[in-house]
Amino acid sequence: MATRNLIATTLLVASSVSIAFDPDELTDNNDGRNWLAYGRTHSEQRYSPLKEISAENVDRLGLAWSMELPGETHLVSTPLVVDGILFFAGSYSKVWAVDTRTQKVKWTLDPETIKHAGDKLRILWGTSRGLAYWNGKIYAATGDGRLIAIDAESGEEVWTQMTVDPDSPFYITGAPRAFNGKVIIGNGGAELGPVRGYVTAYDAETGEQMWRWWTVPGNPADGFENNAMKYAATTWKGKWWKHGGGGTVWNAMTYDPDFNHIYLGTGNGTPWNQRIRSPGGGDNLFLCAIVALDADTGNYKWHYQTVPGETWDFNSAMDIVLADINVHGRDLKVLMHAPKNGFFYIINRSNGKLLSARPFAKITWATEVDMKTGRPIEVKGARYPDGEVTIWPGPLGAHNWQPMSYNPGTGLVYLPYHDLSGYYNDSKIIPAEWEHTALQFDVGVAGYQDDFPVEGATSGLMGWDPITQTPTWTSVNPGMWNAGTMTTAGNLVFQGHADGMFKAYRGDNGDILWSFDAKHGLSASPVTFETDGEQYIAMLAGWGGGVAALGGSMGAQHGWMYGVHPRRLLVFALDGEAKLPTTPPPRMAKVLAAPEFKLDHEQAIAGGLVWEKNCTWCHGPGVVASGGAPDLRASAITLELDTLKSIVLDGALRDRGMPWFPHLNMDDVKAVQHFIRKKALASMENGVGNK
C-alpha cells in the first residue's frame with residue numbers, strides 16, 4: 001500500500017518461530033511467566049500475578065546477577081522476557097537478547113542509527129523506551145525512523161520498513177505495539193520542525209503497510225484522507241498546515257481486545273504557541289487527545305480531547321491503562337490516563353464518555369473539568385495574552401512518559417508525579433512572521449538559555465485510588481525525574497529513582513520495604529518474570545531521557561556525569577547475594593576557570609540565540625549538562641576555536657553521536673564559545689560547579 005511517506009519493505013531472511021508464542025498470553029493477567037509487551041499485557045497495567053516475592057519477604061530480595069553494558073548511554077527501555085530470554089533496547093536503538101539462565105548475551109543487533117540518521121542526528125538523544133514481540137519476532141524502532149522485525153532466536157533482521165520521510169524532523173523514541181498480526185508505530189518531532197503527526201500499522205509477518213491514520217488535518221487544497229480529518233479541519237484557523245500542526249504519537253498506544261480498539265495518546269501542537277499555529281483559536285483536533293481507532297482498519301471511532309486548543313505542550317502522550325472498575329455503582333470497562341496537564345481521567349472505553357477527571361498535582365492553568373462538556377475550565381490569563389505567564393505544571397508535565405501501573409488486588413494506580421512550573425513568553429514574537437527551521441528547537445515561546453535550578457521542582461510516587469480519585473498514599477522522591485513503576489500480586493510496587501536507589505513499596509499503604517543502591521541514576525521501568533519456577537525482577541541502570549539532556553542543574557544534581565558511570569542490567573531474586581563491581585561515586589562537573597579567555601559580551605548574547613536552538617537539546621539550558629552529554633563548562637575543547645570548529649562544523653565526533661551543524665558558520669561557533677564561557681563564569685561566581 002503506497003503512500004508518500006512509505007519506502008518499500010525489504011525482506012531479508014525467512015522468519016522462524018522457535019520461541020513459543022501464545023497470543024492469548026497478551027490478555028491473560030493470571031500468567032506471569034513472561035513479560036511479552038511494553039506494559040506486560042495489552043492492558044498496559046504493568047501488573048504481574050507473581051507473588052513468590054511479596055511484602056512479607058521482600059526484605060530478602062538481593063542482586064542475583066548483573067551485566068555490564070559497554071557503549072551504552074541513555075537506558076530507558078522496559079525489557080521484554082520470553083521463555084527466559086530477556087530483550088531490551090539500548091542506546092541508539094541497539095537491541096540486546098540475554099539468556100537469563102546462562103546470564104550471557106544471546107545476540108545483539110546494532111541498526112547503526114548514527115550512520116543512518118544524517119542531519120537528523122542533531123535531534124537524537126539515542127533513547128529508546130522499548131520493543132514489541134509477536135510470533136517469534138522482536139520489533140524495534142530506530143531513532144531515524146525505521147521499524148525492524150528481528151528473528152527472536154537468531155537476532156537476524158526479517159524485514160525493515162522506513163516509517164518516515166528521511167528528510168523530515170520525525171524521529172522515534174517510543175516502543176512499537178503488536179496485536180492481531182500487526183505492529184504499530186508513531187513518531188516524535190513536534191518541537192523541531194513543521195510536522196504532521198500520524199501512526200502506521202504494518203503486517204507483523206511481511207512489513208506491508210496495513211493502514212495509516214493522521215492525527216491532524218493537512219492542507220484542505222489537497223483533500224482530506226477521511227471524514228475525521230475533514231471534521232478536524234473545522235477546528236483550526238488560518239493556514240495551520242504551513243506549520244504541520246503537530247499531534248505526534250510518540251509514546252502512548254494501547255490495544256483493547258474487548259472492543260478491538262487501538263487508543264492513541266496524541267501530542268502537542270507545532271509550535272506550542274496557538275497564536276502562531278492557529279490564529280483565531282479553535283480546539284485544534286486531534287491535538288492532546290485520546291483517539292480510538294478500529295484496530296483492523298484504522299478508522300476513527302471516537303475521541304476525547306484533554307486540552308482543547310493547547311498552547312503549553314500539555315500533550316496526552318502518557319500511557320493509557322485499561323481496567324474493569326466500578327464507577328458510580330456500575331462495573332465498567334474504562335481507560336485511565338494521567339497526562340501532562342495534571343488531571344487524572346477515567347473514560348468509558350466503549351464510547352469515549354468522560355466518567356471522571358480530578359487533579360493529581362498542582363494545577364494553576366485550570367480549576368476543574370466541566371463534567372457536562374468534558375472541557376477544562378481555564379484560569380484567566382493562562383494563555384499568556386499579555387505576553388508571559390508562569391503556571392503549573394510546565395512543559396515537562398505533572399506526569400511524563402514514565403509509566404504508571406495498576407494493581408487489581410489493591411485497586412490502586414501507582415503514579416509517578418512531578419511538581420514543576422512552566423514559564424511561557426511570546427512577547428517578542430510576531431505570529432505572522434514566525435517561521436520554523438527544521439531540526440532546530442523552536443516552539444514559539446521564549447527559549448532555554450538559562451539554567452533550571454535544583455530547587456525548581458519536586459517529585460514523588462502516589463498510590464492513586466481511581467474510584468475516589470484521591471491519593472491513598474504519597475511518597476516524596478529525590479529530585480524531579482522518576483522512573484516508571486511495576487506492581488505485583490505480592491502487594492508490591494517497584495520504582496527506580498534519580499539518585500540511583502531502586503525501591504520496593506508496600507502496595508496498599510506505600511511503606512518502603514526494601515531498597516538497593518544501583519550506583520547510577522534509574523530512568524527505566526522494572527519488570528518481573530519467572531524462569532524455572534523462580535521469580536526474578538529486572539531493571540536497567542543508566543541515567544537517561546529528557547531531564548538527562550534538558551534538565552540543567554535540576555538533572556545534574558545527582559552527579560551522573562557523561563561517560564563516568566557504567567550502565568548495567570540488574571537482575572534480582574530472593575536471597576540473591578551478588579555484588580556490583582566497583583563503581584565511581586557521583587561526580588559534579590568542575591568548571592574551567594580559563595582566566596586567559598577574554599569574554600565578549602556582545603558575542604555571548606548572539607551565542608545564546610544559537611545555543612537555545614541548536615545546543616540546549618543535548619548539552620542543557622544555561623550550558624549545564626545533566627549527564628546525557630558532556631558539560632561544556634568543564635571542557636577544555638571549548639577554549640580551542642579550531643577544535644571546536646572541527647567538531648561543530650566538520651563533524652569530527654560524528655561517529656560518537658555528536659552531530660555536525662553545517663548550517664552554522666564560524667561567527668556562530670565563536671558566539672557559542674563566548675556564551676559557554678559567560679555561563680561558566682556565572683557558575684563560578686555563584687559557587688556552582690567548582691567542586
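With R₀ fixed at 35 Å, the C-beta to C-beta distance from ASP83 to GLU596 puts the FRET efficiency at about 0.05.
Within the straight-line cut-off of under 18 Å between alpha carbons, the aspartates and glutamates reachable from LYS372 are ASP283, sequence neighbours fewer than 8 places apart in one chain being disregarded. How much length is gained on full extension from ASP667 to GLU56, taking 0.36 nm per residue of separation minus their Cα-Cα distance? Fully extending the segment from ASP667 to GLU56 adds 213.5 nm. Computed about its Cα centre, the charge dipole of the stretch 316-465 is approximately 800 debye, with only Lys, Arg, Asp and Glu carrying charge at their Cβ.
Remark: SER421, SER427, SER43, SER626 ranked as SER427, SER421, SER43, SER626, counting other beta-carbon atoms within 10 Å and listing the fewest first. Once C-alpha pairs closer than 8 Å and six or more residues apart are averaged by separation and normalised to the residue number of the chain, the relative contact order reads 13 percent.
As an equivalent ellipsoid, the stretch 601-685 spans semi-axes of 18, 15, 12 angstrom, where each value is the square root of five times an eigenvalue of the C-alpha gyration tensor, largest first. Modelled spin-label separation between THR470 and GLU640, with each label point placed 7 Å from Cα along the Cα-to-Cβ direction: 6.3 nm. Candidate membrane-span-like segments in the chain, meaning DSSP H helices with Cα atoms spread over at least 18 Å of their own axis and a Kyte-Doolittle mean of -0.5 or above, are 601-614, 666-685, with no membrane implied. Applying both filters, DSSP loop and at most 13 other Cβ atoms within 10 Å, to the trypsin sites (Lys or Arg not before Pro) of the stretch 237-341 gives LYS239. For the stretch 601-685, the dipole from Cβ point charges (+1 on Lys and Arg, -1 on Asp and Glu) about the Cα centre works out to 140 debye, to the nearest 20. The calculated FRET efficiency for the pair THR297 and LYS239, based on their C-beta separation and a Förster distance of 45 Å, comes to about 0.90.
Residue exposure proxy: CYS288, CYS618, ordered by other Cβ atoms within 10 angstrom of their Cβ from fewest to most, comes out as CYS618, CYS288. A simple spin-label model places the labels of ASP386 and GLU208 6.1 nm from each other, with each point 7 Å out along Cα-to-Cβ. Residue exposure proxy: THR127, THR485, ordered by other Cβ atoms within 10 angstrom of their Cβ from fewest to most, comes out as THR485, THR127. In the chain, helices alone account for a calculated mean residue ellipticity at 222 nm of -3000 deg cm²/dmol, with every DSSP H run of four or more residues adding -39,500 (n - 2.57).
Summing Lys and Arg as +1 and Asp and Glu as -1 over all other residues whose Cβ lies under 10 Å from the Cβ of HIS243 gives a net charge of +3. Dipole of the chain computed with +1 at Lys/Arg Cβ and -1 at Asp/Glu Cβ about the Cα centre; of THR437, LEU61, PRO659, farthest Cα towards the positive end is THR437. Distance from the C-alpha centroid of the stretch 470-498 to that of the stretch 345-410: 20 Å, rounded to the whole angstrom.
Mind sorting out which of (i) 141; (ii) 155; (iii) 163 is the real volume of the Cα convex hull per residue in Å³ computed from the coordinates? Identified label for the calculated read-out: (i). Calculated FRET efficiency, ASN425 and LYS333, Cβ-Cβ r, R0 41 Å, to nearest 0.05? Calculated value: 0.40. Label separation (ASN219 vs LEU609): 2.9 nm, computed from points 7 Å beyond Cα along the C-beta direction. Among the listed pairs LYS120/LYS239; LYS51/LYS104; LYS380/LYS428; LYS519/LYS678; LYS115/LYS301, a Cα-Cα separation exceeding 30 Å is found for LYS519/LYS678; LYS115/LYS301. The charge dipole of the chain, taken about its Cα centre with unit charges on the Cβ of Lys, Arg, Asp and Glu (plus for the first two, minus for the last two), comes to roughly 1100 debye.
The numbers here are math on the coordinates, done by the rules we state, and not lab data. From a predicted model like this one, the values you see are computed outputs, not experimental measurements. Glycine gets a Cβ as well: all are built from the backbone with ideal geometry, and neighbour counts include every protein chain shown.
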